[in-house]
Amino acid sequence: MKEKLEKKKEEKKGLKSFLNPSLDRRKFLKVSGVLGSAAVAAPALLKSKKTSAASYSENTPDALETDSDVTLKHSVCLMCHSACGTRGRVKDGVLLKIDGNPYHPNNLEPDERLSYSTDPTSETAKKTNGRLCPKGQAGVQTIYDPYRIKNPLKKIGDRDSGKWKEITWEQAIDEIADILKDIWDNDTDIDSSFPEFGKVANKLVFSAGRIEHGQKEFTDRIFKNGFGTINYRNDHTSICEVSHHTAGDIVSGFKKDHWKPDVLNCEYIIWWGSNPLEASFPMNPLSRKVSAFLKNGGKMDVVDPRLSNSAAKAIQTGGRWVAPKPGTDAALALGIARWIIDNKKYDEGFLKLTQPGKTNTVTGKTEYTYSDATYLVDTSTGAFLTAEAAGLVSSGDPDADKNVVWDGAQGVIYDTVDSAEILPGAVTVNGKTCKTAFEIYKEEVEKKTIAEYADICGVDQTTIEAMADEFTSHGKKAVVDAYRGAVQHTNGAYAMMAILSLNMLIGNFDWKG
């Protein structure tokens with residue numbers, strides 16, 4: 001009897017899992033053959049092969065959402081920045097599985113989502129799961145990770161000792177407060193000989209890592225509005241993509257630092273340092289929309305030194321994988337811009353507009369966005385020419401700081417005309433030599449040939465020209481969507497501005513597609 005038990009024990013050990021390194025090839029093939037036969041055999045035969053079935057799983061299936069002893073908990077995923085809806089399946093106080101929240105817009109399309117009037121405890125709600133990516137589903141592992149930090153840790157020993165001890169929240173708050181009370185000073189300079197350091201309160205740096213919306217607004221109330229430190233939030237964005245936000249702020253002029261393309265109505269997209277099928281956010285709905293975009297005949301190129309899943313899908317569906325040398329994204333963008341300018345493929349009617357809500361004289365359509373392409377720049381200072389500096393109004397006039405544009409033969413205040421010149425050449429206004437913002441941009445772009453830009457970024461010239469041609473062949477239903485990959489360099493903000501300017505050239509902001 002003992003020998004039989006030992007034999008069964010050894011068999012079970014050898015067949016525990018087909019991923020078990022101890023399972024040799026002969027045993028694996030034997031198990032595979034048994035299971036393959038069982039798949040087409042009668043249920044009775046399958047039941048008789050419990051040992052073989054154990055080679056695939058030794059655990060009982062998770063309890064179902066409809067089981068009476070299962071509770072469903074609705075929440076929001078924090079595994080990335082998308083904040084998709086989640087629904088946890090809980091039994092006996094243990095989280096078994098995380099699925100998508102069927103009520104949440106990130107997890108299902110509008111025609112699929114449950115109405116908010118649907119009772120969450122109803123059979124319909126329980127049997128409807130929203131979609132959720134692997135990151136979200138991995139939340140179970142995060143919660144039960146044996147190394148998960150659940151309480152504050154205090155460093156003991158030297159800085160490099162790597163030694164910590166767990167303390168209570170009460171102790172942590174008390175000790176931190178004792179330190180902060182000595183530097184809570186918004187009146188005294190840190191160094192009177194170097195006022196740029198600011199006040200003593202700036203000695204506090206709150207470094208939060210990945211901190212989500214709702215959390216950051218709360219901590220801002222404490223460290224920014226309450227304590228007064230300029231270093232109130234050195235978070236993930238500061239480290240990862242602050243150049244992306246900075247460039248967006250500068251280009252938009254109204255603190256709009258992030259855009260997303262109208263994927264479902266677009267015809268051509270350049271994903272630039274952005275991987276919509278694996279890493280961009282919100283990845284869950286974005287990847288669904290990209291799939292629909294491709295199914296409907298859309299074309300996409302992916303700019304990324306790495307052959308990502310998104311790049312592979314672009315190749316598979318007739319698009320391009322464009323791999324510039326890391327950190328040379330601006331050169332690629334300027335190469336595309338050079339072709340657009342050389343071939344006059346930019347939207348001249350849009351660029352000539354001085355303000356929103358006016359008619360594009362080329363397309364005959366009303367534009368709800370405009371650019372500073374017509375604004376005159378004083379070439380001696382590099383600053384926009386103001387109405388006062390142009391001699392159009394006196395100091396103190398309400399219009400003194402307004403921008404000036406070139407209207408045929410003279411400089412005028414921008415909002416007195418619907419459109420103005422973008423390439424008048426060098427003009428003189430009140431004794432000042434000026435050029436339009438677009439003229440200066442054009443001159444900068446033309447400082448290098450497409451071949452020179454190609455050499456810098458390592459992308460073939462014909463590819464750059466083909467991308468530019470494609471980008472300008474869909475009217476306003478083409479878009480460049482750039483993200484972190486292009487900005488995580490010392491020249492990141494400038495690279496992003498060069499890329500965003502491509503969208504400006506075709507005037508696609510605020511248009512369907």
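The values are calculated or read from the model by the stated rules, or taken from the named source; none is laboratory data. Everything numeric in this text was worked out from a predicted model, so none of it was measured. Because the Cβ atoms are built from the backbone with ideal geometry, glycine has one as well, and the counts that use them run over all protein chains shown. Quick note on the areas: whole protein, heavy atoms, side chains included, nothing else; ligands and nucleic acids left out. Shrake-Rupley method; radii C 1.70, N 1.55, O 1.52, S 1.80 Å.
Which one is nearest to residue 352 (Cα to Cα), of the residues in the stretch 472-502 that are open to solvent by less than 10 Å² (accessible area, probe 1.4 Å), assigned to a helix (DSSP H, G or I) and touching an Asp or Glu at 6+ places or on another chain (Cβ under 9 Å)?
Result: 499.
Given the conditions (1) over 22 Å from residue 243 (Cβ atoms); (2) surrounded by fewer than 21 Cβ atoms within 10 Å (Cβ to Cβ), report the number of the one that residue 339 does not fulfil.
Condition not satisfied by residue 339: (2).
Assess whether residue 179 counts as being out of contact with any helix residue (DSSP H, G or I) (no Cβ under 7 Å at 6 or more places or on another chain), of a type outside the set (Lys, Arg) and under 30 Å from residue 94 (Cβ atoms). Explain how you work it out, then say what you get.
Values: out of contact with any helix residue (DSSP H, G or I) (no Cβ under 7 Å at 6 or more places or on another chain): yes; of a type outside the set (Lys, Arg): yes; under 30 Å from residue 94 (Cβ atoms): no.
It is false that residue 179 is out of contact with any helix residue (DSSP H, G or I) (no Cβ under 7 Å at 6 or more places or on another chain), of a type outside the set (Lys, Arg) and under 30 Å from residue 94 (Cβ atoms).
Could you list, in sequence order, the residues of the stretch 122-170 that are touching a Pro at 6+ places or on another chain (Cβ under 9 Å) and not in a helix (DSSP H, G or I)?
Across the stretch 122-170, the qualifying residues are 128, 129, 130, 131, 166, 167, 168.
Checking the condition aromatic (Phe, Trp, Tyr), free of Cβ contacts under 8 Å to residues at least 12 places away in the same chain and more than 26 Å from residue 494 (Cβ to Cβ), which residue from 223, 197 passes? Walk me through it before giving the result.
Numbers: 223 fails: free of Cβ contacts under 8 Å to residues at least 12 places away in the same chain.
None of the other options fit; the residue is 197.
Against the conditions (1) closer than 20 Å to residue 307 by Cβ; (2) touching a Phe, Trp or Tyr at 6+ places or on another chain (Cβ under 8 Å); (3) open to solvent by 30 Å² or more (accessible area, probe 1.4 Å); (4) at pLDDT 95 or above, where does residue 464 fall short? Just the number, please.
Of (1) closer than 20 Å to residue 307 by Cβ; (2) touching a Phe, Trp or Tyr at 6+ places or on another chain (Cβ under 8 Å); (3) open to solvent by 30 Å² or more (accessible area, probe 1.4 Å); (4) at pLDDT 95 or above, only one is false for residue 464: (3).
Could you please find all residues in the stretch 152-177 being open to solvent by less than 80 Å² (accessible area, probe 1.4 Å) and out of contact with any Phe, Trp or Tyr (no Cβ under 7 Å at 6 or more places or on another chain)?
Those that are open to solvent by less than 80 Å² (accessible area, probe 1.4 Å) and out of contact with any Phe, Trp or Tyr (no Cβ under 7 Å at 6 or more places or on another chain): 157, 161, 162, 167, 168, 171, 172, 175, 177.
Select from the stretch 94-138 the residues that are in contact with a His (Cβ under 8 Å, 6 or more places away or on another chain) and open to solvent by less than 30 Å² (accessible area, probe 1.4 Å) and list them in ascending order. Break it down into steps so the answer makes sense when it comes.
Within the stretch 94-138, the first condition is being in contact with a His (Cβ under 8 Å, 6 or more places away or on another chain), and the residues that meet it are 101, 103, 113, 120, 130.
Once the filter is applied, which keeps residues that are in contact with a His (Cβ under 8 Å, 6 or more places away or on another chain) and open to solvent by less than 30 Å² (accessible area, probe 1.4 Å), the stretch 94-138 yields 101, 103, 130.
Any idea which of 439, 443 is over 27 Å from residue 261 (Cα atoms), acidic (Asp, Glu) and open to solvent by 60 Å² or more (accessible area, probe 1.4 Å)?
443
Would you be able to say whether some residue in the stretch 292-300 is basic (Lys, Arg) and in contact with a Phe, Trp or Tyr (Cβ under 8 Å, 6 or more places away or on another chain)? It would help to see each step written out before you state the result.
Quick first cut of the stretch 292-300, residues basic (Lys, Arg) only: 295, 299.
Now drop any that are not in contact with a Phe, Trp or Tyr (Cβ under 8 Å, 6 or more places away or on another chain), which leaves 299.
Within the stretch 292-300, one or more residues are basic (Lys, Arg) and in contact with a Phe, Trp or Tyr (Cβ under 8 Å, 6 or more places away or on another chain).
Quick one: residue 332 ticks every box in (1) of a type outside the set (Gly, Ala, Ser); (2) open to solvent by 10 Å² or more (accessible area, probe 1.4 Å); (3) not in a loop (DSSP other than H, G, I, E, B) bar one, so which box is it?
It is condition (2) that residue 332 fails.
Just checking, does the stretch 287-302 include any residue being open to solvent by 30 Å² or more (accessible area, probe 1.4 Å), touching a residue at least 60 places away in the same chain (Cβ under 8 Å) and under 17 Å from the mean Cα position of the chain (by Cα)?
Yes, the stretch 287-302 contains at least one residue that is open to solvent by 30 Å² or more (accessible area, probe 1.4 Å), touching a residue at least 60 places away in the same chain (Cβ under 8 Å) and under 17 Å from the mean Cα position of the chain (by Cα).
Suppose we filter 366, 381, 354, 436 for residues that are more than 35 Å from the chain's Cα centre (by Cα) and hydroxyl-bearing (Ser, Thr, Tyr); which single one remains? It would help to see each step written out before you state the result.
Values: 366 fails: more than 35 Å from the chain's Cα centre (by Cα); 354 fails: more than 35 Å from the chain's Cα centre (by Cα); 436 fails: more than 35 Å from the chain's Cα centre (by Cα).
Within the list 366, 381, 354, 436, the selection yields 381.
What are the residues in the stretch 239-278 that are without any contact (Cβ under 8 Å) to a residue 24 or more places away in the chain, assigned to a loop (DSSP other than H, G, I, E, B) and open to solvent by less than 60 Å² (accessible area, probe 1.4 Å), if any? Break it down stepwise before answering.
Looking only at the stretch 239-278, we keep the residues that are without any contact (Cβ under 8 Å) to a residue 24 or more places away in the chain, and these are 239, 242, 245, 249, 252, 254-258.
Filter once more, so that each one left must be assigned to a loop (DSSP other than H, G, I, E, B): 254-258.
Result: 257, 258.
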